[in-house]
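I have placed the structure first, in the form of structure tokens, so that the comments after it can refer back to it.
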Amino acid sequence: MDHFEIKPILESFLFISDSPIRLETLVEILPESNKEAILEGIRQIQTEYEDRSKGIELVEVAGGYQFRTKPSWAGWVSRLKKVKAVKLSQAALETLAIVAYRQPIIRPTIEEIRGVDSGSVLHTLLEKGLIKMMGRKDLPGRPIVYGTTKTFLELFSLNTLSDLPSLKEIQPPSSPEEIVPKEILSDENLKTETEGAPPPQYLPLGSGEE
């Protein structure tokens, strides 16, 4: 199977998938092919959908590949989908940015930076799936360590944490209280950053401590 044959197969996989498909997954389910042919097929699809007449594009996001509406057509898509915006308070956005930049991070550090109690805000971000509990730090009290999730990457149209801009590149969003889901996300200023953080020193969850 060469990349000319594999292209429509890849296109079919990507079309029906609700979440980004990792390259490793494609290699696993297509043993008749190889990694290089699959990548070539993906590149061909990306090139084809770069055409301005296409309403969608193939992007690399959250460690995989996914078809997404082009930002220029987001307003039209919203008429059909009636997507409910993910609303975050200024406090939640501030806390999310701190977690993104400083992860792995514990609550006392977050509260030291913010200067206020952050328990309820962290609970909200956990409920929305934007952050997760990664384990417990090897300190008195075994504080929980927080980090961002795959959902965070998808929402902010990031492939990996290394794609996050530096602090100097970030400008305040025009409407910080409202973040639009991935289908109609178009504001590049809503990205945040981390990567290059020191190796985490924490214990896996389920080690017996409460």
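The values are calculated or read from the model by the stated rules, or taken from the named source; none is laboratory data. Nothing here was measured: the structure is a model prediction, and the numbers come from that model. Neighbour counts are summed over all protein chains in view; Cβ atoms, including those assigned to glycine, are modelled from backbone coordinates with ideal geometry. Keep in mind that these areas ignore ligands, DNA and RNA; they rest on the heavy atoms of the full protein, side chains included. Shrake-Rupley method; radii C 1.70, N 1.55, O 1.52, S 1.80 Å.
Return the pair list, or none, for Cβ contacts closer than 6 Å from residues in the stretch 112-139 that are closer than 21 Å to LEU155 by Cα and of a type in the set (Gly, Ala, Ser) to residues that are open to solvent by 60 Å² or more (accessible area, probe 1.4 Å) and assigned to a helix (DSSP H, G or I), at least 6 apart or on different chains.
Every condition considered, the pairs that remain are GLY129/THR151.
Can you pull out the helices (runs of 4 or more DSSP H) entirely within the stretch 1-120 that have at least 2 residues that are acidic (Asp, Glu)? Step through it out loud before you land on a result.
Numbers: elements: 3-16, 23-29, 35-48, 74-81, 90-102, 107-114.
Fully inside the stretch 1-120 and qualifying: 3-16, 23-29, 35-48, 107-114.
State whether the residues of the stretch 174-182 include one that is at pLDDT 85 or above and in a helix (DSSP H, G or I).
Within the stretch 174-182, the first condition is being at pLDDT 85 or above, and the residues that meet it are none.
No; the residues of the stretch 174-182 include none that is at pLDDT 85 or above and in a helix (DSSP H, G or I).
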